[in-house]
Amino acid sequence: MPRMLTIAGSDSGGGAGIQADLKTATVLGCYGLSVITALTAQNTRGVQGIHEPPLEFIALQFDSVLSDIGADAAKTGMLANPGVVALVASKLKAYQVPNLVVDPVMVAQSGDALVTSDTREALIRELIPLAAVITPNRPEAEVLLGREIRSARDLGQAARDLYDLGPRAVLIKGGHIEGPALDVLYDGRELREYSAPRFDTPHTHGSGCTYSAAIASHLAMGLALPEAVSRAKAFITAAIRTARPLGQGHGPTNHLALLEERGLFPRSA
């Protein structure tokens with residue numbers, strides 16, 4: 001069975017982070033493993049608290065799962081500080097984990113920064129060069145590049161500039177730009193576009209986590225990156241399109257959408 005390792009924070013509300021990643025891996029047919037880098041008290045209305053485990057315990061999780069089960073692909077989510085980034089990079093290198101998807105979670109939906117400049121520099125220096133692909137959204141790409149990305153036309157050049165940071169490919173998600181939900185993939189040779197309709201819904205919590213987890217899951221199955229992105233794009237588009245209200249704030253995407261569409265799981269109201 002393909003094995004996908006997620007390295008991220010826990011979302012007690014279940015819509016993002018580790019929980020979203022494991023749901024995605026399971027629905028897509030992968031065996032999901034996890035290294036939890038932070039615990040959050042969180043729901044659809046926001047984050048009420050964060051607890052960071054000691055670095056030694058994060059390292060122990062890596063050793064436990066990778067020395068025994070191993071991984072065919074991995075993804076990272078929010079990494080809270082430079083120490084965590086350095087530890088994650090060292091463990092991924094030590095265990096030679098293939099197919100790394102780096103989702104550089106740095107900006108909240110409100111636009112507030114989630115990481116310090118030191119953490120940003122650690123990501124650029126230590127983790128991004130290890131990535132098979134990085135998956136920033138537009139605000140995160142702006143933080144990494146230190147400049148604004150104003151329109152869909154700017155996405156291609158931004159992807160080329162991010163490629164110079166050392167990953168094997170860059171996928172910029174243009175969901176924060178008006179028009180269709182356009183994403184751009186650049187692998188150093190070819191620029192590919194992936195477009196989908198935009199849906200008027202507030203229930204998109206965890207969409208970035210889910211998208212990157214779907215890419216990692218498809219890479220774990222042996223798909224080439226362009227096809228992995230294509231299938232992941234279809235997966236997250238369906239998950240957003242069929243999202244239902246849950247809680248009192250911004251609800252999660254629907255991780256069961258694929259099973260519902262195939263008639264394998266009953267669609268609830």
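The values are calculated or read from the model by the stated rules, or taken from the named source; none is laboratory data. Being a predicted model, the structure only gives us computed values, none of them experimental. Cβ placement follows ideal geometry from the backbone for every residue including glycine, while neighbour counts extend to all protein chains displayed.
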Got a sec? Which of Asp183, Asp200, Asp161 is part of a helix (DSSP H, G or I) and either touching a helix residue (DSSP H, G or I) at 6+ places or on another chain (Cβ under 7 Å) or within 24 Å of Ala16 (Cβ to Cβ) (or both)?
-> Asp161
Of the residues Thr204, Thr210, Thr237, which is under 20 Å from the mean Cα position of the chain (by Cα) and either within 18 Å of Ile134 (Cβ to Cβ) or of a type in the set (Gly, Ala, Ser) (or both)?
-> Thr210
Take Gly166 and decide whether it is of a type in the set (Gly, Ala, Ser), in a loop (DSSP other than H, G, I, E, B) and on the phi < 0 side of the Ramachandran plot.
-> no
Examine the range 51-69 for a residue that is within 22 Å of Ala132 (Cβ to Cβ), at pLDDT 95 or above and part of a loop (DSSP other than H, G, I, E, B), and state whether such a residue exists.
-> yes
Pairs where the first residue, in the range 201-222, is crowded, with 24+ Cβ neighbours inside 10 Å and the second is of a type in the set (Phe, Trp, Tyr), C-beta under 6 Å, 6+ apart = Ala214/Phe235
Odd one out for Asp21 among (1) surrounded by fewer than 20 Cβ atoms within 10 Å (Cβ to Cβ); (2) part of a helix (DSSP H, G or I); (3) in contact (Cβ under 8 Å) with a residue 60 or more places away in the chain | (1)
Qualifying positions in the range 144-160 - of a type outside the set (Gly, Ala, Ser), surrounded by fewer than 19 Cβ atoms within 10 Å (Cβ to Cβ) and in contact with a strand residue (DSSP E or B) (Cβ under 9 Å, 6 or more places away or on another chain) = Arg160
Residues located in the range 171-180, provided they are touching a Lys or Arg at 6+ places or on another chain (Cβ under 8 Å) and either closer than 30 Å to Ser34 by Cα or in a strand (DSSP E or B) (or both) | Ile172, Lys173, Gly174, Gly175, His176
Identify all residues within the range 140-158 that are touching a helix residue (DSSP H, G or I) at 6+ places or on another chain (Cβ under 9 Å) and either within 22 Å of Met78 (Cα to Cα) or in a loop (DSSP other than H, G, I, E, B) (or both); write none if there are none.
-> Glu140, Ala141, Glu142, Val143, Leu144, Leu145, Arg147, Glu148, Ile149, Ala158
Residue check, Ser217 against (1) among the hydroxyl-bearing types (Ser, Thr, Tyr); (2) under 15 Å from the mean Cα position of the chain (by Cα); (3) closer than 18 Å to Asn137 by Cα, all met but one. Which one?
-> (3)
Filtered residues of the range 71-96 (kept if under 18 Å from Asp118 (Cβ atoms) and among the aliphatic types (A, V, I, L, M)) | Met78, Leu79, Ala80, Val84, Val85, Ala86, Leu87, Val88, Ala89
Filter the range 163-187 down to residues that are at pLDDT 95 or above and out of contact with any strand residue (DSSP E or B) (no Cβ under 6 Å at 6 or more places or on another chain), then give me how many there are.
-> 5
Output the qualifying pairs, or none if there are none: Cβ atoms under 7 angstrom, residues six or more apart or on different chains, first residue in the range 168-185 and closer than 14 Å to Gly208 by Cα, second residue surrounded by fewer than 22 Cβ atoms within 10 Å (Cβ to Cβ) and at pLDDT below 70.
-> Ala181/Gly175
Subset of the range 75-107 [among the β-branched types (Val, Ile, Thr), within 16 Å of the chain's Cα centre (by Cα) and part of a loop (DSSP other than H, G, I, E, B)] = Val105
